[in-house]
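Each remark here refers to the structure printed beneath this line.
The values are calculated or read from the model by the stated rules, or taken from the named source; none is laboratory data. All values reported here derive from a predicted model rather than from experimental measurement. Because the Cβ atoms are built from the backbone with ideal geometry, glycine has one as well, and the counts that use them run over all protein chains shown. For accessibility, only protein heavy atoms count, side chains too; no ligands or nucleic acids. Shrake-Rupley method; radii C 1.70, N 1.55, O 1.52, S 1.80 Å.
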Amino acid sequence: MRDVWIAGAGMTRVGRRTEGLRDLMAEAAHAALATASIERPDAIVVAAMNPEEFLGDGNFASNVATHLGFADVPTIRIETATSSGAAGFYAGFAQVAAGLARRVLVVGGEKMTHLPTPRVSELIGRSIDPYERSYGATMPALAGLVTRALMARQPIGEREISQVSVKNHAHAARNPYAHFREPVSLERVMSSRMVADPLRLLHCCPISDGAAAVVLTAERTPVRVAGIGQGTDTLAIRHRYDLTSFRATQAAARAAFAMAGFGPARVDFAEVHDAFAPFELISLEDLGLVPPGKAVRATMHGETALDGRLPINPSGGLKARGHPLAATGLAQLVECVWQLTGRAEGRQVDGRVALAHSIGGLATNNWVTILESA
Amino acid sequence: MIETIAASRCRRCGLVVAPPAPYCPWHPVAMTPTTVAGVGEIVSFTTLHSPPEGFRSPLQLALVALEGGARFLCHGAETRSLKIGSRVAIEAVDEVYYFAHLGAVDRARLFWRRAGHAGDRVNAITRSVVKKLWRGGSGGASG
Ligand SMILES: [Zn+2]
């Protein structure tokens with residue numbers, strides 16, 4: 001397997017955008033190609049979760065490639081629900097590692113805010129097991145079940161969960177690409193309206209538009225892909241025997257660290273899938289970044305803040321940078337590249353090894369990617 | 001009668017799933033049809049305040065570990081005083097499953113039923129517990 005390097009990274013500002021998805025993807029893709037000083041990639045991977053229903057557009061690989069001015073570049077489209085961006089990165093990585101292509105553009109994005117919120121929730125909810133969906137289960141509902149089980153297992157209260165939101169909003173306030181630029185207080189999080197008891201509105205990520213892109217190359221650059229792993233679990237939450245950790249994250253982390261040839265102790269900072277605030281606590285332990293049962297203490301002691309020992313979600317995370325579905329897994333990697341190369345102005349952290357963690361569906365198809373400064 | 005819920009069991013790992021599925025989620029092995037009793041323990045529950053179209057708000061959802069081994073997602077009429085580990089009975093109303101909290105008296109009677117006594121009375125009780133709580137609702141929950 002050849003070494004794979006990152007030649008360029010770019011993304012749009014995340015939020016409520018008036019542009020179409022193709023234009024958002026073009027903005028991110030051309031930014032990534034420009035930083036890579038590459039005009040034309042050998043191949044393109046497009047990540048989009050559901051443009052068919054959000055936009056009514058199909059044949060999306062050709063659609064995007066043509067719009068970018070690359071009608072003659074071989075392009076595929078990749079989807080693993082909310083982790084599609086990370087899956088797209090894997091597809092591009094595999095092409096370069098196998099020697100099938102030397103320079104691959106991976107671009108992902110989603111456009112949703114033009115639709116009413118109940119419609120968006122319903123479309124995202126289609127990634128849930130059909131039987132559970134027939135009982136009205138939505139992503140927040142299943143996350144509510146997970147959260148209550150977590151609070152019963154560990155001494156975790158509403159305050160501890162809310163602190164994750166407070167921290168990630170504080171980080172996003174320093175990120176010009178973030179959906180939310182305003183810090184929020186603990187009181188405001190804890191008094192926001194109940195969505196799926198015990199989850200409140202400010203424990204949940206927003207509905208966002210945006211796109212992100214990276215260029216992968218077989219030529220040496222300052223950032224190397226040290227490892228990447230995928231992990232899976234049952235579609236139905238009722239077929240699992242533990243709600244308070246995600247098998248898919250644990251398996252993805254094992255595979256990624258095995259490829260990297262080192263363990264979680266080497267990770268200096270991470271972008272973690274906090275679609276719901278308690279998921280950050282669960283994921284820190286599933287990834288091995290903190291010992292079992294220690295995520296709350298690390299969070300409450302400020303270890304996971306920008307100036308802490310192990311900064312988590314310096315971008316603001318899904319919670320506050322925003323969650324434009326298939327853009328998210330790539331936006332995490334863009335943030336990691338910017339941090340590793342000293343280009344995260346206003347929120348710069350120190351570190352040589354970065355980890356990105358992306359959850360697909362209710363943790364049915366997860367990815368862990370590890371980047372390293374050369 | 002205590003509700004009998006259709007399920008299936010994996011010949012390889014013993015996993016029981018409800019409703020029945022052709023294959024075990026973990027093994028490409030055809031599952032054997034079986035049934036489980038609609039009695040179990042709350043694994044987790046939530047109240048959804050913005051349910052999808054076709055469901056009334058607030059929507060009570062619970063994940064229940066049935067005694068026969070399967071875990072089951074169902075609706076509830078009432079989650080006040082409910083805790084993880086609470087004993088519940090499950091009943092189908094118009095082909096939709098609901099759980100209801102079993103009080104101490106109901107639990108004692110369930111015990112006697114298992115011991116081979118007073119089965120009919122217990123069945124009547126679990127049924128009435130569910131109906132009493134549920135019939136207060138206005139329906140429209142079948143989605
Ligand atoms: Zn099996």
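Across segment B:10-59, what is the total count of residues that are free of Cβ contacts under 8 Å to residues at least 40 places away in the same chain and either within 16 Å of the ligand (Cβ to nearest atom) or more than 8 Å from chain A (Cβ to nearest Cβ) (or both)?
24
Which of the residues spanning segment A:18-35 are open to solvent by less than 20 Å² (accessible area, probe 1.4 Å) and either more than 19 Å from A:Thr82 (Cα to Cα) or out of contact with any Gly (no Cβ under 8 Å at 6 or more places or on another chain) (or both)?
From segment A:18-35, those open to solvent by less than 20 Å² (accessible area, probe 1.4 Å) are A:21, A:24-26, A:28-29, A:32-33; that's our starting set.
A:Ala26, A:Ala29, A:Ala32, A:Leu33, listed by residue number.
Looking only at segment A:222-272, how many residues end up being more than 14 Å from chain B (Cβ to nearest Cβ), assigned to a helix (DSSP H, G or I) and among the hydrophobic types (A, V, I, L, M, F, W, C)?
So the answer is 9.
Within segment A:276-309, work out how many residues are open to solvent by 10 Å² or more (accessible area, probe 1.4 Å) and under 19 Å from the mean Cα position of the chain (by Cα).
Number satisfying all stated conditions: 7.
Residues that are over 30 Å from A:Glu132 (Cα atoms): list the helices (runs of 4 or more DSSP H) wholly contained in segment A:280-366 that include at least 1 such residues.
Values: elements: A:295-300, A:317-320, A:328-340.
Output list reads A:295-300, A:328-340.
Can you tell me which residue among A:Ser83, A:Ser62, A:Ser37 is more than 10 Å from A:Ala213 (Cβ to Cβ) and touching a His at 6+ places or on another chain (Cβ under 9 Å)? Spell out the reasoning first.
On the way: A:Ser62 fails: touching a His at 6+ places or on another chain (Cβ under 9 Å); A:Ser37 fails: touching a His at 6+ places or on another chain (Cβ under 9 Å).
When all the criteria are applied, what remains is A:Ser83.
Quick one: how many residues across segment A:223-236 are open to solvent by less than 10 Å² (accessible area, probe 1.4 Å) and in contact with a His (Cβ under 9 Å, 6 or more places away or on another chain)?
0
Working carefully through the options A:Arg220, A:Arg193, find the one that is touching a Leu at 6+ places or on another chain (Cβ under 9 Å) and surrounded by fewer than 18 Cβ atoms within 10 Å (Cβ to Cβ). Show your work before the answer.
On the way: A:Arg220 fails: touching a Leu at 6+ places or on another chain (Cβ under 9 Å).
Within the list A:Arg220, A:Arg193, the selection yields A:Arg193.
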